[in-house]
Amino acid sequence: MIQLEEMKITEQKEIATNIFHLQIQGDLVSQIKQPGQFVHVKVAEGIEPLLRRPISIAKINHEENILSLIYRADGKGTSLLSKKHPGELVSILGPLGNGFPITQHKGKTALLVGGGIGVPPLYELSRQLTSLGIRVIHVLGFQSANVSFLENEFSRLGMTYIATVDGSKGMQGFVTDVIEAEKLTFDCLYACGPTPMLKALEQKFPDKEVYLSLEERMACGIGACFACVRPTTCGDGYKKICSDGPVFRAGEVVL
Amino acid sequence: MSRLNISLPGLDLKNPIMPASGCFGFGREFAKLYDLSILGAMMVKATTIFSRFGNPTPRVAETSSGMLNAIGLQNPGVEKVFHEELPWLEQFDVPIIANVAGSTIEEYVEVAKILSKAKNVHALELNISCPNVKHGGIAFGTIPEIAKEVTARAKEVSEVPVYVKLSPNVTDICEIAKAVEAGGADGITLINTLTGLRLDVKTGRPIIANITGGLSGPAIKPIALRMVYEVSQRVNIPIIGMGGIQSAEDALEFFYAGASAVAIGTANFTDPFACPNIIGQLDELLEQLNINHISDCIGRSWKLGATSNYRA
């Protein structure tokens, strides 16, 4: 169930240039059902900025009721959030949306592909997949080395390839270049990142089981405002990214 | 005894707080969070004859103490609203105000005729003020003669009272208000959003795909208050006021300005519990201010005279 809660910040640190790792504690952690769900964060009290910021959940710690958010501070709202300290409270609405479904079984292989600030939700997904005995391969793409993060954490869970646009870390190029060069094979693919990356993956693997996590500017986060809709590929229907998604099976909605 | 109940044409409200059209869908999302029966009324999403997908995304952008939206009247069409959404809402003890939109007068008439027959629809709200559609919408709300005609035509077919939602994007709001009153409107709702623009600092392009959007939120509250203040002194029909209400104090200002009820819009997006919170806080606020009944507040600003007699 969706809850609105003042959650307590237990930790906040910059893990790469302008990339922050925020840990918050509260009861709504118990409501999180799937990796890939997100929370809606009010970065400051009052009316400035007015709207909440949707941020995906990077790690869930049910024992201590703590969830981790990894976000880029590049706008007014997220910059304010990055200045908050442990002990402070932050208003959280969540958990929201439908995350990544886990359909594979022990012994199968899942390929997890992340681009930039789309990488974080794949971390909790990878933790859950590996705990079920599913083999994971990670391909993570970043602009450059200074904005790359979580490489060590992912490496502990499975094979991890890095691509950077400027070649400052890993292979120079895009995630799709790595998949081709390494001839990676898999039973199921999960991806989160910029739309051009998601499009490329959808086109490259039309016959595979592929799940894509989408992003869009949203207001309410619960499906009421109709800001974040995408047309479906068949018929004249639509899906709301916040409440029907953010994760969709590839081919379900027009990217 | 309640100090919040209000009677308006077609509407016996247990309290004068209702979610504004377009900010609450058809209630399904909020029904998961609280019992919709506690609301005074509900203004459901604008409905057109046929289903509309609306505008391309991005459809929203944040502004200083506000937001722009250009949803574009996305809705499932009148048949689906009448046969699915409205019957689903019958489980709640809440009067529905159905928002009617169209791109021709005939479309307004047809939608009004159908929706007014629904059991739980106690009033219609003619949306002659949507700034985000190419045809219709705001065009009907900026020319007094057309505003009057669409009102009169909807009145002819409607089985329930008709309220008309006015656009603030006009030179003289009172002229439009008087025109819809002359057309037979039972009440006025105002304000809809103000047309605005935001540009991306990196690309120089508009953030919203539709280019312009409707501005809402606390940023527009002073404009909304001023318009309620002006219109309420010039017409003899009640006003449901809206525009940036975030708290009971904000709501009370609208009553002082001349509104008989208020609607909550954008606040639902930041706090889904905004409506129930404001209902509770308004009762407490009246208690604190020694006000016996909310109706005592209606139009107090101009009834007492325009100047403040506050002295430090």
Diffing region B:39-56: the Karplus 3J(HN,Hα) column from phi (6.51, -1.76, 1.60, θ = phi - 60°), in whole Hz with x for Gly and Pro, holds 6, x, 7, 9, 9, 7, 4, 3, 10, 10, 4, 9, 5, 10, 7, x, 8, x
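Multiply the residue gap between residue A:89 and residue A:166 by 0.36 nm, knock off their C-alpha separation, and tell me the result in nm, one decimal place. Intermediate values should be presented prior to the final figure.
Values: separation 77, 0.36 × 77 = 27.72 nm, distance 3.83 nm.
The residue A:89-residue A:166 span can extend by a further 23.9 nm.
Could you tell me which of the pairs A:169/A:204; A:13/B:221; B:119/B:155; A:84/A:240; A:76/B:80; A:84/B:32 are separated by over 29 angstrom between their Cα atoms in the structure shown? All intermediate terms of the calculation are to be shown ahead of the outcome.
Numbers: A:169/A:204 24 Å; A:13/B:221 38 Å; B:119/B:155 18 Å; A:84/A:240 31 Å; A:76/B:80 41 Å; A:84/B:32 31 Å.
Checking Cα-Cα distances, A:13/B:221; A:84/A:240; A:76/B:80; A:84/B:32 exceed 29 Å.
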Once amide H atoms are built 1.01 Å from N in the peptide plane, which residues 5 or more positions from residue B:188, or in another chain, come under 5 Å H to H?
-> B:164, B:239, B:240
Cysteines in the protein assembly as shown that, by Cβ-Cβ distance, have no pairing candidate under 4.7 Å | A:188, A:192, A:228, A:234, A:242, B:23, B:130, B:174, B:275, B:297
Percentage relative contact order, region B:49-196, counting C-alpha pairs under 8 Å, at least six apart = 19
Sort B:157-170, A:31-44 for me by packing, meaning the mean count of neighbouring Cβ atoms within 10 Å per residue, highest on top.
-> B:157-170, A:31-44
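How high is the relative contact order of region B:94-161, in percent, counting Cα pairs under 8 Å that sit 6 or more residues apart? Intermediate values should be presented prior to the final figure.
Details: 103 pairs, mean separation 24.6, N = 68.
Contact order relative to length: 36 percent.
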Evaluated at 37 °C and 0.692 mPa s, the Stokes-Einstein D of region A:102-149 based on the Kirkwood radius over Cα pairs, in µm²/s, stands at 290
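Pick out, in residue order, every one of the chymotrypsin sites (Phe, Trp or Tyr not before Pro) in region B:10-74 that is DSSP loop and has at most 14 other C-beta atoms within 10 Å; say none if there are none. Present the calculation step by step, with values, prior to reporting the outcome.
Values: sites: B:24, B:26, B:30, B:34, B:50, B:53; in loops: B:24, B:26, B:34, B:50, B:53.
Answer by residue number: B:34, B:50.
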Any idea how far the Cα center of region A:1-27 sits from the one of region B:160-176, in Å?
-> 45
Once amide H atoms are placed 1.01 Å from N in the peptide plane, what residues at a sequence separation of 5 or more from residue B:195, or on another chain, have their amide H within under 5 Å of its amide H?
-> B:215
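What's the magnitude of the charge dipole for chain A around its Cα centre, counting Lys and Arg as +1 and Asp and Glu as -1 at the beta-carbon? Answer in Debye, nearest 20. Write down the numbers at each step before the final one.
Values: 26 positive and 27 negative charges, 27 e Å.
It comes to approximately 140 debye.
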Along principal axes, Cα extents of chain A, largest first, whole Å = 50, 44, 35
Magnitude of the Cβ-charge dipole (Lys and Arg +1, Asp and Glu -1) of the protein assembly as shown about the Cα centre, nearest 20 debye, reported as 800
Nearest 10, in degrees from 0 to 90: the angle of helix A:120-131 to the longest Cα principal axis of chain A is 60
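Which ordering of B:153, A:249 is given by a fewest-first count of other beta-carbon atoms within 10 Å? Display every interim value, and only then the final one.
Values: B:153 18, A:249 11.
So the ranking, lowest neighbour count to highest, is A:249, B:153.
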What list do you get for B:21, B:116 if you sort them by fewest beta carbons within 10 Å?
-> B:116, B:21
Hey, if you put +1 on the Cβ of every Lys and Arg and -1 on every Asp and Glu Cβ in chain A, which of A:77, A:198, A:91 ends up farthest toward the positive end of that dipole?
-> A:198
In Hz, Karplus ³J(HN,Hα) per residue of region B:217-227 (6.51, -1.76, 1.60; θ = phi - 60°; x = Gly, Pro) | x, x, 4, 9, 4, x, 5, 4, 4, 4, 5
Taking all pairs of different Cα atoms in the protein assembly as shown, averaging 1/r and flipping that mean, what Kirkwood radius in angstroms comes out?
-> 25.0
Could you size up the charge dipole of region A:216-255 around its Cα centre, putting +1 on the beta carbon of Lys and Arg and -1 on that of Asp and Glu, and report it in debye to the nearest 20?
-> 80
Per residue of B:64-75, what is the mean number of Cβ atoms on other protein chains within 10 angstrom of that residue's Cβ?
-> 3
Here the gain from full extension of residue B:205 to residue B:35, 0.36 nm per residue of separation minus their alpha-carbon distance, amounts to 57.0 nm
Between region B:13-87 and region A:71-116, the alpha-carbon center distance in angstrom | 28
Would you mind putting A:128-135, B:11-18, B:200-207, B:230-237 in packing order, based on average other-beta-carbon counts within 10 Å, highest first?
-> B:11-18, B:230-237, A:128-135, B:200-207
Tell me, how many Å apart are the Cα centres for region A:157-182 and for region A:237-255?
-> 27
Of the candidates B:98, B:260, B:67, the farthest towards the positive dipole end of chain B (Lys/Arg Cβ +1, Asp/Glu Cβ -1, centred on the Cα centre) is B:67
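Can I get the semi-axes of chain B's equivalent ellipsoid? Compute them from the C-alpha gyration tensor as square roots of 5 times the eigenvalues, in angstrom, largest first. It would help to have the intermediate numbers written out before the result.
Details: eigenvalues 144, 105, 86 Å².
Values for chain B, descending: 27, 23, 21 Å.
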Over all directions, region A:109-214 yields a Cα convex hull whose mean projected area in nm² is 5.8
Residues whose placed amide H lies under 5 Å from that of residue B:8, excluding near-sequence neighbours | B:13
DSSP beta bridges in chain B: the antiparallel percent, rounded to 5, is 40
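Every number here is computed from the coordinates shown, using simple stated rules; none is lab data. Just so we're clear, the structure is a prediction, and the values are computed from it rather than from any experiment. Virtual Cβ from ideal backbone geometry, glycine too; neighbours counted across all protein chains shown.
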